[in-house]
1. Going down the list K217/K340; K59/K194; K215/K340, which pairs span over 32 Å between their C-alpha atoms?
2. Which whole-angstrom value gives the distance between the alpha carbon centres of the range 144-173 and the range 187-223?
3. Taking the Cα centre of the chain as the origin, how large is its charge dipole in debye, to the nearest 20, when only Lys and Arg (+1) and Asp and Glu (-1) carry charge on their Cβ atoms?
4. If we sort 42-50, 329-337 on the protection proxy, mean other Cβ atoms within 10 Å, highest first, what's the order?
5. Please compute the length gained on full extension between W84 and A281, using 0.36 nm multiplied by the number of residues separating them and subtracting their Cα-Cα distance.
6. Per residue of the chain, what 222 nm ellipticity follows from adding -39500 (n - 2.57) for every DSSP H run with n ≥ 4, rounded to the nearest 500?
7. Where does each of 308-321, 211-224 land if you order them by average Cβ count within 10 Å, highest first?
8. Grab the Cα-Cα distance for D139 and T218, subtract it from 0.36 nm times how many residues apart they are, and report the gain in nm with one decimal.
Amino acid sequence: MLSSDSSTSALATPCAEGWAWLDAGEGRRYCGSGPFSGSAAPSEDGVSFYVNDFALSEKQPWRVAARNSADSPVFSETPPGIEWAEPGRDAFAQVFDELMSAVRSREILKAVPAVCASGVVQSGSVERWMRTLLTGPRDAAVQGIPFGWSDGSAGFGGYTPEILFALDGCRLTTMALAGTTDAEHAAELTERPKLAREHTVVVDELQRRLAALGKVKTGERKVVHQGNIRHLRTELEVTLSVEPRGEALNEIVRLMHPTPALGISPRSPENMARLTRCRAATGTPDYFGAPFGVAWPGGALFVVAIRGIFWELNRVHLPTGCGLVAGSELDAEWAELELKRAWVQRVLGL
């Protein structure tokens, strides 16, 4: 599942049949237990989970669980012991220089590179610990949507602040989430031109994409928080002519992913190839920033797989990304990457 090399050292026994978890809010919690069957389209009359990589290369991204419920078996695990290695600044600096050169030459408006801390599990089970965290009670200070997926030996999970899109009948809602700082410097979100520019690129691009579906309603720009992290967020909405079902859901995923909040703008094949090279250069897992979702009769929720960890056997990866636009500075972007990484490690007890 992950792009990085993995070791085959022994771990605590994983849940071999796999599991999926997504909290859709308003009392809707979806838990699936394996074995899962794959499909090119979601079930017409039941619950289906959507699992794909950043390139959307899966031919059968929909997973139908053998068992679905609103609750998960209760696990009582202690945090795994992980020996972490921090990401290399030199590799990020090279990617930064390449992308900023493209920004200055106006080949791109915005791009989101990532760096990745990696670790080796020394004791315990990452998978069982993530199930304990995501499905059990949590501190009110841990904001974000709990999401998780495992195929038995590999998986990912965390608390994402970002929705790719949600459907309630014919009503589609999404968000532009771009522009980040810490609580101490929250005033910069409304004062720094770079942060406003980064956010505007995402809003403008989403408005263009959604216009193909109907009349777009754009909300007000707000400052939102996830722990000590602050973001700019603008919500958008469109009413579809018909309720999307089957392949129509796949088409909306392809339309929306990746937004400039996690991808690159303009989203041309050449620019996507450029971003793919940059992600590979920093060891970014294939599933980081990818869409993960669940569909049920009459609705769906797709989130962006960020603010979490990605594992395979005893290898663990913690990637974080940052948005580069005109005016971006290396030191400031590196500090943003560290801010996000520290938040994930803290709330996941790692």
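Read the figures in this text as sums done on the coordinates, not as results from a lab. A quick note: this is a predicted structure, and the numbers were derived from the prediction, not measured. When we count neighbours, we look across all protein chains shown, and the Cβ atoms used for this are built from the backbone with ideal geometry, even at glycine.
1. Cα-Cα > 32 Å for K59/K194; K215/K340; rest within.
2. 22
3. Using only the charged Cβ atoms, the result is roughly 540 debye.
4. In descending order of packing, they fall as 42-50, 329-337.
5. Numbers: separation 197, 0.36 × 197 = 70.92 nm, distance 1.92 nm.
That works out to 69.0 nm of additional length.
6. Here the helix-only value at 222 nm equals -8000 deg cm²/dmol.
7. So the peptides 308-321, 211-224, ranked by packing, come out 308-321, 211-224.
8. Length gained between D139 and T218: 25.3 nm.
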